[in-house]
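First comes the structure, then the notes that go with it.
The values are calculated or read from the model by the stated rules, or taken from the named source; none is laboratory data. Remember, it's a predicted structure, so these values are computed and weren't measured experimentally. Note that we place each Cβ from the backbone using ideal geometry, even for glycine, and neighbour counts take in every protein chain shown.
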Amino acid sequence: MPKKTIKVVAQVTAFADKIAEVQAILQAIVAPTRLETGCLSYRLFRNSGHPAEFLFIEEWVNENAINAHFTTSHIRDALAKVTPLLAVAPIIEKYESLA
């Protein structure tokens with residue numbers, strides 16, 4: 001039986017005039033996050049039809065690893081910088097593998 005992990009899908013939507021700034025902030029957190037204990041995968045995408053929309057697809061070993069992720073300095077700093085540049089609050093969904 002495969003080991004249960006948690007997938008996270010997080011959507012971030014920038015104001016139209018802040019796309020480049022938001023992209024730079026989001027790209028800067030990818031490398032340090034991939035080094036975190038419990039991070040199995042951390043990928044950033046941009047919607048090709050709506051360039052203000054960004055999507056993280058992540059995989060973590062457990063809920064504790066996700067919680068620890070949000071306490072890291074790179075995530076706390078990024079959230080402080082990016083929040084005023086967003087058109088809507090981020091949408092963060094967690095999924096468990098069923099099959």
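Can you find a residue that is assigned to a strand (DSSP E or B) and of a type in the set (S, T, N, Q) anywhere in the range 3-23? Yes, the range 3-23 has at least one match.
Evaluate the range 84-91: report whether one residue or more is on the phi < 0 side of the Ramachandran plot and part of a helix (DSSP H, G or I). Yes, that holds for at least one residue. Looking across 13, 83, 33, 71, one residue alone is β-branched (Val, Ile, Thr) and touching a helix residue (DSSP H, G or I) at 6+ places or on another chain (Cβ under 7 Å). It is 33.
Scanning the range 41-61 for residues that are surrounded by fewer than 18 Cβ atoms within 10 Å (Cβ to Cβ), among the aliphatic types (A, V, I, L, M) and over 13 Å from the mean Cα position of the chain (by Cα) yields a count of 1. Taking the range 25-41 as the range and being farther than 16 Å from residue 91 by Cα, of a type outside the set (Val, Ile, Thr) and in contact with a strand residue (DSSP E or B) (Cβ under 7 Å, 6 or more places away or on another chain) as the test, the residues that pass are 27, 34, 38, 39, 40, 41.
Within the range 39-56, identify whether any single residue is more than 26 Å from residue 99 (Cβ to Cβ), part of a helix (DSSP H, G or I) and modelled with pLDDT of 95 or more, and answer yes or no.
The answer is no; no qualifying residue exists.
Among the residues of the range 11-40, the one identified as surrounded by fewer than 14 Cβ atoms within 10 Å (Cβ to Cβ) and touching a Pro at 6+ places or on another chain (Cβ under 9 Å) is 16. The residue that is farthest from residue 32 (Cα to Cα), among those in the range 52-99 that are among the aromatic types (Phe, Trp, Tyr) and touching a residue at least 40 places away in the same chain (Cβ under 8 Å), is 95. When the range 50-91 is filtered for residues that are of a type in the set (Val, Ile, Thr), under 20 Å from residue 24 (Cα atoms) and in contact with a strand residue (DSSP E or B) (Cβ under 6 Å, 6 or more places away or on another chain), the ones remaining, listed by number, are 57, 88, 91.
Among the residues of the range 3-32, what is the count of those that are hydroxyl-bearing (Ser, Thr, Tyr) and either under 12 Å from the mean Cα position of the chain (by Cα) or modelled with pLDDT of 95 or more (or both)? Don't jump to the end; show me each part of the working.
If we filter the range 3-32 for residues that are hydroxyl-bearing (Ser, Thr, Tyr), which is where we start, we get 5, 13.
With the extra rule that they be either under 12 Å from the mean Cα position of the chain (by Cα) or modelled with pLDDT of 95 or more (or both), the set shrinks to 13.
Here the count works out to 1.
Could we say that residue 93 is of a type outside the set (A, V, I, L, M), loosely packed, with under 14 Cβ neighbours inside 10 Å, under 13 Å from the mean Cα position of the chain (by Cα) and at pLDDT 95 or above here? Criteria met by residue 93.
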